[in-house]
Structure formats: C-alpha cells, structure tokens
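A.B. asks: Next up is a structure, given as structure tokens.
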Amino acid sequence: MLNLANWQDAMLIIALVALLGAVISRLTERPRIPDVAAFVVLGIALGPAGFHVLHVAGGSGASQFAVYTGAALLLFEGGCQMNLRLLRRAALTISLLATLGVLITALVVALIAMWLFHFSFLWCLLLGSIIASTDPATLIPVFARTPIRQRLQQALEAESAVNDATASVLFAVVLTSVKAQQSLHLASAFAMFGREAGIGLAMGTVFGLLGAWLTSENGPAWLRLHTSVVAIAIALGSYALAVDLGGSGLMSAFASGAIFGSPGVFGMARSQVQFAELAHVALPTALLRMLIFTLLGAQVQFSALGRDLGVGLAIAAALMFIARPLTVLACVPGDRFAKWSAREIILMMWVRETGVIPAALVTSAAAAGVPHARDLMAVTFLAILSTILLQATSTGWVAKLLELERQSDAGDELL
C-alpha cells in the first residue's frame with residue numbers, strides 16, 4: 001500500500017493520479033460527466049475501501065500540503081478568470097450571494113443537521129460552513145461545455161470564486177469555537193470574521209498589485225516572460241503570509257488572483273504573449289485538483305458512510321432544494337441594477353455544485369481533531385457527490401429548458 005507520508009510513495013501516488021486522472025478526464029468529456037465525481041470514485045477504488053493501493057492520513061503534512069496548495073492555486077486561478085469590468089452590473093448580486101448567501105446556507109444546513117444528528121449547534125454550523133460554498137472548479141468546466149448567457153455565467157462563476165473565500169473565513173471562525181469548546185458570541189465572531197477577511201484582502205491586494213507590476217509592461221522587463229512562475233509565487237506567497245498574520249489565506253489567494261488577472265483595471269499593460277504564458281498555471285492546478293478529490297475519496301470510510309447515508313442524503317437534498325432557493329430569493333430579486341429575469345433566477349437556484357474547497361475544509365477539520373470527524377467527512381462527501389452528479393450533469397439541460405443557452409454574445413454584456 002502506498003503511503004502519502006513517504007516521499008517515494010508520494011511521487012508514485014502523484015504519477016498514478018496524474019495518469020489515471022488524465023484518462024478519466026478524457027473519458028468523461030463526451031458524456032459531459034463532471035470529472036471531479038470520477039476522481040472521488042477513483043480515490044475510493046484506490047483507498048482502503050477498494051483495492052488498498054493508497055493510504056492517506058488526513059492530518060499528515062503531505063496531505064495538508066496538497067490540499068492547501070491546491071486550494072490556494074484554484075482560488076487564485078478563479079480570481080484571474082474574473083473580468084472585473086464586465087462584472088460591475090452584477091456586483092451587488094455577487095456580493096450578496098457570496099456573503100449573506102453563504103451565511104443563510106450555513107444556517108439552514110445547521111438547523112436541519114441539528115434536527116437529524118442531534119449534535120450541538122456549533123458542530124452543525126461547522127458542517128454548514130464547510131458545504132456552504134459553490135465550486136468554480138466544477139462550474140467552469142460545466143459552462144465550458146454548455147455555455148449559458150454571458151452575464152449569468154460570469155455572475156455564477158464569480159459567485160463561486162468569491163463565496164469559497166468567504167465560506168473559508170466563516171469556517172475558520174466556527175472551527176476556533178468548536179476546538180475551544182466555547183459558545184459562539186456574535187460580537188467576537190463578527191470581529192474575527194472582519195479581521196480574517198480584512199487581512200486576507202489586504203495581503204491579496206498587496207501581492208496582486210506587486211505581481212501585476214512585476215509582469216506588466218510598466219515593470220521589470222526581465223520578468224515579463226515568466227508570468228506563470230510569478231503567478232504561482234504570488235498565489236502561494238499571499239496565502240502563506242495572510243495565514244501567518246492571522247488572516248484568511250484563501251481570501252488572500254482569491255483577491256491576489258482577481259487583481260493579477262486584470263492589470264488593465266489598475267493602469268498596467270500586459271501583452272497577449274504574457275496572458276498566454278499565464279495559462280501554464282492551469283497545469284499544476286489541474287493536477288492538484290485531481291489529487292484533492294482522489295485523497296478525499298481515499299479517506300471515505302464506508303462504515304461511517306453507511307451509518308450516515310440517509311442523514312447525509314437528506315442534508316444534501318436540503319442544500320439543493322431548500323437552502324439554495326432561499327439564498328437566491330433573499331439575495332437576487334432586489335438587485336434592480338442587474339434586472340435578472342425569472343428564468344435566470346430559477347437557473348441560479350439550480351446551480352450550486354459543491355467541490356474542491358469543501359473537500360479542503362473538511363480535511364482541515366478532520367486534521368484539527370474536531371469531534372465526529374468521520375460524520376463530517378461522510379456528509380461532505382455525500383453533498384459533493386450528490387450536487388455534482390445531479391446538478392452539474394443537468395445544468396445544460398435545465399439551461400436549455402429555460403432557453404438560457406448562449407446563442408450569441410450580442411446584447412448580453414454586463415457593461
């Protein structure tokens with residue numbers, strides 16, 4: 001059995017996951033099946049529940065390195081793909097969905113989990129904060145295969161990137177209270193949320209501007225052809241420094257990516273060659289994405305999964321059919337500037353795939369030694385698999401039914 005804690009085994013694991021992941025990605029293209037679901041199944045097959053090829057200790061340094069590095073690069077890449085100019089009209093919707101929406105989703109899940117699990121409210125809120133965010137790593141490939149109206153697609157992709165960062169801050173706040181076995185005081189919770197988010201945004205802004213300058217026509221000429229290397233350094237550096245200063249590393253990684261990916265907004269020029277060179281960041285990000293989901297699947301214990309199957313599926317159903325519609329209704333119709341149609345609002349209610357960041361957060365919670373960690377892992381796994389298999393695979397069909405497929409970009413701008 002290969003052990004991720006051993007460096008030689010770790011190299012073999014990376015090689016195995018890369019090879020099998022590439023095959024899986026190719027096989028899932030034609031039927032338009034989200035590959036992340038297949039990566040989880042691959043992890044189950046390779047792990048103790050399958051062929052005993054792979055052993056992963058959730059709290060090991062190697063496991064956490066893969067998860068946090070992957071999460072930082074994924075959020076950085078998500079930030080880079082945002083078009084800050086195009087999103088101005090949808091800014092209110094995105095902001096509400098990524099802040100108030102995350103809180104509503106976490107609270108709805110927490111209340112339902114309390115009723116089903118009979119665990120403490122804090123533990124259930126921790127679960128809610130883990131699965132509250134949507135997933136750009138799933139949404140972006142889905143929309144690449146079945147594009148929808150541009151402004152709606154951009155808004156949903158932006159929401160998924162931003163709410164990953166806000167959900168990670170909420171998770172950190174609740175995790176601190178769970179580990180300390182203290183009640184959550186609203187004043188201190190909001191203060192901690194503000195501090196973590198503020199430090200994360202500040203570090204992300206500094207690193208993003210620095211990276212944009214270093215790789216722009218206004219910056220040092222000898223770094224212009226190394227845009228992808230600088231990008232990775234900015235993503236990981238902003239994450240690590242923000243965490244060291246007591247802030248949100250994921251918020252920092254996302255903010256730095258949003259600024260780094262839109263240098264023109266800040267008066268800095270970047271050539272098309274440099275933008276093409278930036279695409280190389282997608283290679284390590286794709287590999288780490290495969291690795292995160294495979295590691296998640298390898299840690300699934302069917303004893304806990306079987307015990308929590310009914311409860312987990314009920315929570316996943318509540319996430320899709322109660323929490324998401326309530327969130328959208330609370331945050332979207334009031335945005336008179338964006339003027340979303342009823343059909344667009346309905347599609348927003350359906351699109352809420354859960355993925356990479358929840359996988360990273362639940363791994364972090366298990367490593368922190370929270371009580372009932374197996375239950376957290378099982379329910380998160382079921383939520384990820386349910387939303388991906390049901391919603392991601394049907395998003396194109398629902399968009400077609402609502403006549404929201406993208407026929408032409410004409411008249412569909414956010415400006």
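The values are calculated or read from the model by the stated rules, or taken from the named source; none is laboratory data. Only a predicted model underlies this, so the values are computations on that prediction, with no experimental measurement involved. A quick note on method: Cβ atoms are made from the backbone with ideal geometry, for glycine too, and the neighbour counts reach across all protein chains shown.
A.B. asks: Which pairs do you get when a residue that is over 17 Å from Ala110 (Cβ atoms), found in segment 322-337, comes within reach of a residue that is polar (S, T, N, Q) and not in a loop (DSSP other than H, G, I, E, B), reach meaning Cβ atoms under 8 angstrom, with the pair 6+ apart or on two chains?
C.D. replies: Cβ pairs passing all conditions: Cys331/Thr93; Val332/Thr93; Asp335/Thr93.
A.B. asks: Could you look through segment 184-222, keep only residues that are outside any helix (DSSP H, G or I) and touching a residue at least 24 places away in the same chain (Cβ under 8 Å), and pick out the one that is surrounded by the most Cβ atoms within 10 Å (Cβ to Cβ)?
C.D. replies: Once the filter is applied, the top-ranked residue is Thr215.
A.B. asks: For residues that are of a type in the set (Val, Ile, Thr) and crowded, with 24+ Cβ neighbours inside 10 Å, scanning just segment 90-129, find the one that is nearest to Ala189 (Cα to Cα).
C.D. replies: Within segment 90-129, the subset of a type in the set (Val, Ile, Thr) is 93-94, 99, 102, 104-105, 108-109, 112.
Restricting the remaining residues to those that are crowded, with 24+ Cβ neighbours inside 10 Å gives 93-94, 102, 105, 109.
Values: Thr93: 24, Ile94: 23, Val102: 15, Thr105: 17, Val109: 19 Å.
This residue is Val102.
A.B. asks: Can you name every residue in segment 389-402 that is modelled with pLDDT under 90 and either of a type in the set (Val, Ile, Thr) or touching a strand residue (DSSP E or B) at 6+ places or on another chain (Cβ under 8 Å) (or both)?
C.D. replies: Those that are modelled with pLDDT under 90 and either of a type in the set (Val, Ile, Thr) or touching a strand residue (DSSP E or B) at 6+ places or on another chain (Cβ under 8 Å) (or both): Thr393, Thr395, Gly396.
A.B. asks: Now, a different point. Which condition does Ala106 not pass, out of (1) in contact with a helix residue (DSSP H, G or I) (Cβ under 6 Å, 6 or more places away or on another chain); (2) among the hydrophobic types (A, V, I, L, M, F, W, C); (3) part of a helix (DSSP H, G or I); (4) under 21 Å from Ile292 (Cα atoms), if it passes all the others?
C.D. replies: Unmet condition: (4).
To keep it simple, each residue is scored yes or no on (1) in contact with a Phe, Trp or Tyr (Cβ under 9 Å, 6 or more places away or on another chain); (2) at pLDDT 90 or above; (3) under 17 Å from Val311 (Cβ atoms).
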site	(1), (2), (3)
Ile345	no, yes, no
Thr354	no, no, yes
Ala360	yes, no, no
Ser364	yes, no, no
Ala368	no, no, no
Leu404	no, yes, no
Asp409	no, no, no
Asp412	no, no, no
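A.B. asks: Same structure again: Hey, among the residues in segment 34-53 that are touching a strand residue (DSSP E or B) at 6+ places or on another chain (Cβ under 7 Å) and more than 19 Å from Ala373 (Cβ to Cβ), which one's surrounded by the most Cβ atoms within 10 Å (Cβ to Cβ)?
C.D. replies: Result: Leu46.
A.B. asks: Could you tell me whether Ala132 is farther than 20 Å from Ser262 by Cβ, assigned to a loop (DSSP other than H, G, I, E, B) and touching a Phe, Trp or Tyr at 6+ places or on another chain (Cβ under 9 Å)?
C.D. replies: Judged against the criteria, Ala132 is a match.
A.B. asks: Still on this structure: How about segment 114-141: which of its residues are more than 17 Å from Val178 (Cα to Cα) and among the aromatic types (Phe, Trp, Tyr)?
C.D. replies: Trp115
A.B. asks: Of all residues being farther than 23 Å from Ala392 by Cβ and part of a helix (DSSP H, G or I) in segment 38-65, which is modelled with the highest pLDDT? Just the residue, please.
C.D. replies: Restricting to residues being farther than 23 Å from Ala392 by Cβ and part of a helix (DSSP H, G or I), the top hit is Phe65.
Here is a yes/no grid of residues against (1) charged (D, E, K, R); (2) within 16 Å of the chain's Cα centre (by Cα); (3) within 30 Å of Ala359 (Cβ to Cβ):
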| residue | (1), (2), (3) |
| --- | --- |
| His226 | no, no, no |
| Ala231 | no, no, yes |
| Ala255 | no, yes, yes |
| Leu287 | no, yes, yes |
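A.B. asks: Pairs, please: C-beta under 9 Å, at least 6 apart or cross-chain, first residue among the aromatic types (Phe, Trp, Tyr) and in segment 377-404, second modelled with pLDDT of 90 or more?
C.D. replies: Here the result reads Phe381/Gly312, each pair linking segment 377-404 to a residue that is modelled with pLDDT of 90 or more.
A.B. asks: When you go through Ser386, Ser341, Ser303 one by one, which is the residue that is surrounded by fewer than 19 Cβ atoms within 10 Å (Cβ to Cβ), among the hydroxyl-bearing types (Ser, Thr, Tyr) and modelled with pLDDT of 85 or more?
C.D. replies: So the residue among Ser386, Ser341, Ser303 that is surrounded by fewer than 19 Cβ atoms within 10 Å (Cβ to Cβ), among the hydroxyl-bearing types (Ser, Thr, Tyr) and modelled with pLDDT of 85 or more is Ser341.
A.B. asks: If Val328 meets every condition in (1) surrounded by fewer than 24 Cβ atoms within 10 Å (Cβ to Cβ); (2) outside any loop (DSSP other than H, G, I, E, B); (3) among the hydrophobic types (A, V, I, L, M, F, W, C); (4) modelled with pLDDT of 90 or more apart from one, which number is that one?
C.D. replies: Single failed check for Val328: (1).
A.B. asks: Report yes if some residue within segment 130-151 is within 27 Å of Ala279 (Cβ to Cβ), among the aromatic types (Phe, Trp, Tyr) and surrounded by 24 or more Cβ atoms within 10 Å (Cβ to Cβ); otherwise report no.
C.D. replies: No, that holds for no residue.
A.B. asks: Name every residue in segment 272-287 that is at pLDDT 85 or above and either among the polar types (S, T, N, Q) or not in a helix (DSSP H, G or I) (or both), in order of residue number.
C.D. replies: The answer is Thr285, and nothing else.
A.B. asks: Here are some residues: Leu225, Leu241. Which one is surrounded by 15 or more Cβ atoms within 10 Å (Cβ to Cβ) and of a type outside the set (S, T, N, Q)? Give the steps one after another, and end with the answer.
C.D. replies: Working: Leu225 fails: surrounded by 15 or more Cβ atoms within 10 Å (Cβ to Cβ).
Of the residues listed, the single one that is surrounded by 15 or more Cβ atoms within 10 Å (Cβ to Cβ) and of a type outside the set (S, T, N, Q) is Leu241.
A.B. asks: While we're looking at this one, here's another question. When segment 168-183 is examined, which residues are found to be at pLDDT below 90 and either outside any helix (DSSP H, G or I) or under 30 Å from Phe337 (Cβ atoms) (or both)?
C.D. replies: Within segment 168-183, Ser168, Val169, Gln181, Gln182, Ser183 meet the criteria.
A.B. asks: Please determine whether any residue of segment 288-303 is in a loop (DSSP other than H, G, I, E, B), charged (D, E, K, R) and under 17 Å from Glu157 (Cβ atoms).
C.D. replies: no
A.B. asks: Also, I was wondering about something else. When you check Leu278 against the structure, is it surrounded by fewer than 20 Cβ atoms within 10 Å (Cβ to Cβ), over 20 Å from the mean Cα position of the chain (by Cα), in contact (Cβ under 8 Å) with a residue 60 or more places away in the chain and farther than 30 Å from Leu170 by Cα, yes or no?
C.D. replies: Answer is yes for this residue.
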